[in-house]
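Taken together, the values in this text are just the output of simple stated rules run on the coordinates, not laboratory data. Everything numeric here is computed off the predicted structure, so don't read it as measured data. Cβ coordinates were reconstructed from backbone atoms using ideal geometry, including for glycine residues, and neighbour counts include every protein chain displayed.
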Amino acid sequence: MFQRSYYRTIWISDVHLGTRACKASSLLDFLRRHIAETLYLVGDIVDGWNWGPSWYWSTAQQELVNEVMLWRRSGVNVVFLPGNHDEGKVGLVEELFGRIPTISSLIHTTVDGAKMLVIHGHQFDGSLNPNRLLPIIGSHAYARAQRIHDWYNRQREDGSDEGHPLSDFFRYPARKALEFLTDFRDRAVLAAARDHRADGVICGHIHRSDHRLIGNILYVNDGDWVQNRTAVVEEGDGALQVIRWSGPQANISVSRPMPQEVTS
């Protein structure tokens, strides 16, 4: 049994349990090697949009659920903040994890006194965002969208940039176009922080980790466990970091950049 690394707080989101894209084994390994006082599940933990014929459940996903339940039994404060994929399936989340504290957003105060708004992030979506349309169109359209997503996000597990097929040349523009539609504007993050009188925002939703300043507001995104395998952690001194986890028995890559001010 390996020794667990301690963090005061851990944030994870966009796990998408119930889909083949979920990197459950990697997240399970990450959790088994760490411990925290508080674990925030920042939305899209379960992919409720995939509920039905396309639902996929693996041994690793069940073991991941069991690990989170073990954290709860050991006294870790586990809090669930629903995302757009699981806000309509809170009952399913509770069936898997038990009666878990659930709240749409909250203020987390770090050791050094910073007040961080914790929220999934779909609340920042613009009117053109396809996430607003997929639940209305239906599960068949979502399943097709997942296949398209897998197509342009497919990459080598070893992270190598060599030997990619010619189709990568065509996937790149498609990815950038979708990122343009699904990203939310800095001004929405800034407005939410100011409305809640917060010093910063920690969220997920867009599947891309980040750590930077928007004006005087600290914006931190914990990424996802579908492609990037990233989490946000708070150290004992209150410092926030983005951690990228490469998989079982892998080294971690820590991102603790000096935030650069960005004007909205």
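Data table
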| read-out | value |
| --- | --- |
| Burial order of peptide ranges 67-76, 113-122 (average beta-carbon count within 10 Å, highest first) | 113-122, 67-76 |
| Estimated inter-spin distance, residue 72 and residue 196, nm [label 7 Å along Cα→Cβ] | 2.2 |
| Pairwise label distance in nanometres, residue 4 with residue 59, each label 7 Å out on the Cα-Cβ vector | 2.4 |
| Sites residue 187 and residue 92, calculated FRET efficiency, Cβ-Cβ separation with R0 35 Å, nearest 0.05 | 0.55 |
| Cα-based equivalent ellipsoid of segment 19-114: semi-axis lengths in Å, sorted from largest, via gyration tensor | 23, 17, 12 |
| Contact order normalised by residue count of segment 9-89, Cα under 8 Å, 6+ apart, percent | 42 |
| Difference of contour (0.36 nm per residue) and Cα-Cα distance, residue 32 to residue 212 | 61.9 nm |
